[in-house]
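The values are calculated or read from the model by the stated rules, or taken from the named source; none is laboratory data. Remember, it's a predicted structure, so these values are computed and weren't measured experimentally. Neighbour counts are summed over all protein chains in view; Cβ atoms, including those assigned to glycine, are modelled from backbone coordinates with ideal geometry.
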Amino acid sequence: MHAKGLSAKTKRKMKKLAFYIALISLPILQFLIFYVYVNINSFVLAFQEYDVFTNTAKFAGWNNFIKIYKDLVETGKFAVMLKNSLIVWVWTTLLGIVGAIFFSYYIYKKSPFSNLFRTILYMPHIVSSVVLIVMFKYFVEWAVPSLVETLTGKLIEGLYSNPDTQFVTVVFYCLWMGFGTQVLMYVSAMGGIDASISEAAKIDGITYLKEFWYITVPLVFPTLTTFILTGIGSIFTNQAGLYSFGGKNVPGSMHTFGYYMYVELQKNSANQTAWPMLSALGLLFTFVATPLTFLARWLLGKYGPSVE
């Protein structure tokens, strides 16, 4: 009887294992094909060069990385893209998070006009990004100069067409666009805070600012950490909407890493000779972003606010 009981138990375990395997097989297959295979292929391509005469790829060693140094670093393009990418990252990720979490707290406390602010901040994610950029360009190019002329009598250029304010205008757009998702996530996280904690704090006479700093921020810190960590990768991938603003004709002084990669892939979609260099550049970005992400995660875990 004991042997039969073990046999039945083993059969149940086998059925559960078969169900589990069937459940995860498709996600694992997708991961192996669309992540592992694609990235391994990109890694191999970074050390190859394409021969147009023989229509084959051959090992190129470090030639693609040397080409990156000559074409981007020595010409100064890399420094410009690095500066612009970091500016966009600082404003949209670091400063954007600070603004978003304050707005979220304001909405969470159901302060005056909180629902209006929620709608205004999230509306950009409802409208198509291309349509929104067209509307935004018309506003900064025509409405703002007209408003300034009406109020001060001075004539000014459109904010996007003026080289002095062009990049600032794009950064402001990115900052505004980044609020919607963050506010939605933070408000949802704040909504999960046990009401008894806030009520107990109010009885003790805590102020709104202290409640925000000592209770709300620690309890939503995991959500905040997620945005910071994902933001690190965006340093090398965020094109800041530049392609929608100016297509392939954006001035070189405004290029970011993400925009450069996107435009180069668009221009060379059928030119296999350019793929190895782009793969090598992407590999470099990965080697930089990966340790930075793990370092930031360790620092946030070690020095971030504690729930206790």
Odd one out for residue 163, checked against (1) part of a helix (DSSP H, G or I); (2) at pLDDT 85 or above; (3) farther than 21 Å from residue 304 by Cα: (1)
Residue among 257, 294 that is at pLDDT 90 or above and either surrounded by 15 or more Cβ atoms within 10 Å (Cβ to Cβ) or closer than 26 Å to residue 67 by Cβ (or both): 257
Count - residues of region 193-244 that are surrounded by 13 or more Cβ atoms within 10 Å (Cβ to Cβ) and acidic (Asp, Glu): 1
Odd one out for residue 236 among (1) at pLDDT 90 or above; (2) assigned to a loop (DSSP other than H, G, I, E, B); (3) over 17 Å from residue 85 (Cβ atoms); (4) not polar (S, T, N, Q): (3)
The listed residue being surrounded by 15 or more Cβ atoms within 10 Å (Cβ to Cβ), within 30 Å of residue 213 (Cβ to Cβ) and within 29 Å of the chain's Cα centre (by Cα), out of 167, 172, 136, 102: 172
Pairs with Cβ under 7 Å, 6+ apart, first in region 226-252 and hydrophobic (A, V, I, L, M, F, W, C), second surrounded by fewer than 16 Cβ atoms within 10 Å (Cβ to Cβ): 228/296; 229/296; 229/297; 232/292; 232/296; 235/86
Of residues in region 107-130 being in contact with a helix residue (DSSP H, G or I) (Cβ under 7 Å, 6 or more places away or on another chain) and of a type in the set (A, V, I, L, M), the one modelled with the lowest pLDDT: 121
One residue from 205, 158 being outside any helix (DSSP H, G or I), at positive phi and in the same structural domain as residue 117 (by TED's automatic domain parsing): 205
Selected residue [at pLDDT below 85 and either in a helix (DSSP H, G or I) or not polar (S, T, N, Q) (or both)] from 133, 228, 193: 193
Selected residue [aliphatic (A, V, I, L, M) and outside the structural domain of residue 257 (by TED's automatic domain parsing)] from 100, 57: 57
Residue in region 5-18 that is free of Cβ contacts under 8 Å to residues at least 40 places away in the same chain, β-branched (Val, Ile, Thr) and more than 26 Å from residue 272 (Cα to Cα) present: yes
Considering residues of region 260-274 that are exposed (fewer than 14 other Cβ atoms within 10 Å of the Cβ) and among the polar types (S, T, N, Q) only, the residue farthest from residue 247 (Cα to Cα): 273
Residue in region 125-133 that is within 30 Å of residue 193 (Cα to Cα), in the same structural domain as residue 185 (by TED's automatic domain parsing) and out of contact with any strand residue (DSSP E or B) (no Cβ under 6 Å at 6 or more places or on another chain) present: yes
